[in-house]
1. Would you be able to say whether some residue in the stretch C:214-235 is among the aliphatic types (A, V, I, L, M), free of Cβ contacts under 8 Å to residues at least 40 places away in the same chain and either part of a helix (DSSP H, G or I) or within 14 Å of chain A (Cβ to nearest Cβ) (or both)?
2. Can you confirm whether the stretch B:27-42 contains a residue that is within 13 Å of chain C (Cβ to nearest Cβ) and in a helix (DSSP H, G or I)?
3. Please list, ordered by residue number, the helices (runs of 4 or more DSSP H) wholly in the stretch B:125-225 having 3 or more residues that are free of Cβ contacts under 8 Å to residues at least 24 places away in the same chain.
4. Among the candidates B:Ala57, B:Ala18, single out the residue that is out of contact with any helix residue (DSSP H, G or I) (no Cβ under 9 Å at 6 or more places or on another chain) and either surrounded by 20 or more Cβ atoms within 10 Å (Cβ to Cβ) or at pLDDT below 95 (or both).
5. With the checklist (1) touching a helix residue (DSSP H, G or I) at 6+ places or on another chain (Cβ under 7 Å); (2) within 30 Å of A:Leu251 (Cα to Cα); (3) within 14 Å of chain C (Cβ to nearest Cβ) in hand, flag the one item A:Leu69 doesn't pass.
6. Looking at (1) more than 14 Å from chain B (Cβ to nearest Cβ); (2) in contact (Cβ under 8 Å) with a residue 40 or more places away in the chain; (3) charged (D, E, K, R), which is the one condition that is false for C:Asp188?
7. Answer with yes or no whether A:Glu256 is more than 30 Å from A:Asp136 (Cα to Cα) and charged (D, E, K, R).
Amino acid sequence: MTTPMVKFDNVTKRYGALTVLDSLNLEIAPNEKVAIIGPSGSGKTTVLRMLMTLERINDGVIYVDGEPLTHMHKNGELVPADEKHLRRVRGNIGMVFQHFNLFPHMTALKNCMEAPVHVLGLSKKEAEERAAELLDMVGLADKKNHYPNQLSGGQQQRVAIARALAMRPKVMLFDEVTSALDPELVGEVLNVIRKLGKEHNLTMLMVTHQMGFAKEFADRVCFFYGGKIAEQGTPEEIFNNPKEERTRQFLSAVLEAG
Amino acid sequence: MFWDWNYVWEIMPQLLRASVVTIEATLLGFLLAAVLGLVLAILRMSKTSWISVPTAAVVEFIRSTPVLIQIFFIYFVFPEFGIVLPAMVAGVIALGLHYGAYCSEVYRAGLENVPRGQWEASTALNLSPYITFRDIIIPQAIPPIVPALGNYLVALFKETPLLSAIAVLELMQTAKILGSQSFRYIEPITLVGAFFLVMSLVAAALIRQVETWLNRSLRNPGGDR
Amino acid sequence: MQLRSLTICAIVFFTAGLAVASFAGFREFIPGLLQGALITIQITIGGCILAVIMALVAAIAKMYGPWPLRWLAIAYIEVFRGTSALVQLFWLFFVLPHFGILLEPLTVAIAALGLNVGAYGAEVVRGAVAAVPRGQWEASVALNMPRNLALRRIILPQAFIAMIPPWGNLFIELLKATALVSLITISDLTFKAQQMNQTTFRTVEIFTIVLIMYLAISILITVGMRALETVAARGMARGR
């Protein structure tokens, strides 16, 4: 068996007395597309935020590409990672947020160049070529000199995807990327993600409320409930033939509303 | 030896007596500012533009010019009209006038920040304007107003040393006189600074307390939930 | 539009002040008042520059510094906000010589006012940085930026715009506080006014002219800050 690209090993996350994630074990293979679904408060967004190191974990270890992310080896022991180690391993991961979080004082192109220039050390010219190419890929070649407030929500989210890709991550995290969009703008963003899945070797982990998209796009669906994976399997298994009562209830509630 | 404790104990009684003058000036000045501010706020919110516009201009003028000159102005101008004011009275009037202009903005912001919807809802319930003002608007305006006024009370307190410029025997003037008599300025001026620091920190803590209490008791009268 | 009318206001006020001065038979005092105004403006500019530097340094030390720096910044902010500007000015003027530090009165004036306003400015900077949405920090982490790069390139430029209006108010407070330097023998506008008042006893006219001059300078500050805000906001967005 190949090394998993991402591995959660008994990971626990608590906020005070509240346990959001309870000894999570999850392995994601290279190039695998995993959709995470579940009711709000089930801890699904926390999974992504821990992997992006936006949240500290309380217990367990997260591995990325066979290497510990949250910890590092020191004198043969695993100790909590320092900033330098975090930054090195974190370079494998990119993330797209629900609220885009574009830098409002930079154009679309500058948004995509900022980190490649200042973090990866690319020359301005290289970074600009890479950014222009990616903006073209997400269909925004003509908007590269626009500021975020001059773009629609769907366009902003596509810039955010290009910005994350410019760092050449191996793993992409999508955190409810269409939840803040008007319904008519959802399609253009999902199309970009579809294209990414087809054309690039990327491991993708997405939290989503778009059940149709999860069904069509994901290799595996994980249903979270109460800080644990209540059920996981192929989209067919989860959507057509759920074993757990909770999964059934959740899916019927979502379909009724949808 | 930089710091002489014997000298400190020697001048302490005089400084304490002077601090009473400082506190008197603060309280009287602020009383004037609070009342004058309310008057200015009401005039400025008037619907008649020949009242509101000049009031706004006066408030801006007072706020944009140094309080020290305003103190000199009042101290030196009144005698020209035959009214000789004691320095303390002139100083209190000037501080009250200056901070009255600031306070008027506090009242105005507090009243105007109550959402329009509150007036509209009250109209829809057929409440009279007086009842609306008393029961709906004022209780919502007070929680932001009181701490802001408190901050200006502290600011006014910190401006009272300016009264030394017209020879009011408050803390700063006393410290300067003590310093010039003994040629030791370290102790008196440092002590004055320490006095202001302690009083300001205590006042800031008190204001925070009042703020929390007001937010609890006026915004959700059910108390802690 | 508003900018232009404010500028015109400032110029009108200033010339009106001069006109009143000449009508009232004060022509011989105008050079003196203008000299005083020049000193006032010098101290204001110097103080503002020092205040901005101190505010940035203190705010960043308080928010992100290691604990000794953080405590130093907190002490600076609390002491200079908690004591009065005049006390600080006198302390630097009368007490520093006891430690063998002899400074020009002008240096003392700029230092005292800059340090005083800088302490208030530190809270302005802190507030503006704290008001930048959390998502901006998170996006910077997701792009693997180190914290000081994120602060410098992403957070501070956004906070900068939010800081301009409160800084405008602080600069005007500083201008007003420059009047205090007349009490440490600097011949600024207030000092000149006092001097003329004592020799001529034309109190109403002198102080009215001087108040109008201060008003004109403060309007100029307002105009400058509005212009800066317009320039800085160009292309910048509300969206996140």
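The values are calculated or read from the model by the stated rules, or taken from the named source; none is laboratory data. On a predicted model such as this, the values are computed, not experimentally measured, just so you know. Heads up, the Cβs are rebuilt from the backbone with ideal geometry, glycines too, and the neighbour counts pull from every protein chain shown.
1. Within the stretch C:214-235, the subset among the aliphatic types (A, V, I, L, M) is C:215-217, C:219-221, C:223, C:225, C:227-228, C:231-233.
Those still in the list that are free of Cβ contacts under 8 Å to residues at least 40 places away in the same chain too: C:231.
Right, trim to either part of a helix (DSSP H, G or I) or within 14 Å of chain A (Cβ to nearest Cβ) (or both) and you get C:231.
Checked against the condition, which is being among the aliphatic types (A, V, I, L, M), free of Cβ contacts under 8 Å to residues at least 40 places away in the same chain and either part of a helix (DSSP H, G or I) or within 14 Å of chain A (Cβ to nearest Cβ) (or both), the stretch C:214-235 yields at least one hit.
2. Taking the stretch B:27-42 and keeping what is within 13 Å of chain C (Cβ to nearest Cβ), we get none.
Checked against the condition, which is being within 13 Å of chain C (Cβ to nearest Cβ) and in a helix (DSSP H, G or I), the stretch B:27-42 yields no hits at all.
3. Numbers: elements: B:138-159, B:171-182, B:186-214.
Answer list for the stretch B:125-225: B:171-182, B:186-214.
4. Result of the check over B:Ala57, B:Ala18: B:Ala57.
5. A:Leu69 satisfies every listed condition except (2).
6. Exception for C:Asp188: condition (1).
7. Numbers: more than 30 Å from A:Asp136 (Cα to Cα): yes; charged (D, E, K, R): yes.
Spelling it out, A:Glu256 is indeed more than 30 Å from A:Asp136 (Cα to Cα) and charged (D, E, K, R).
Matching residues to (1) more than 30 Å from A:Phe250 (Cα to Cα); (2) surrounded by 14 or more Cβ atoms within 10 Å (Cβ to Cβ); (3) in contact with a helix residue (DSSP H, G or I) (Cβ under 6 Å, 6 or more places away or on another chain); (4) more than 14 Å from chain C (Cβ to nearest Cβ):
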residue: A:Thr19; (1), (2), (3), (4): no, yes, no, yes
residue: A:Ile57; (1), (2), (3), (4): no, yes, yes, yes
residue: A:His85; (1), (2), (3), (4): yes, yes, no, no
residue: A:Arg88; (1), (2), (3), (4): yes, yes, no, no
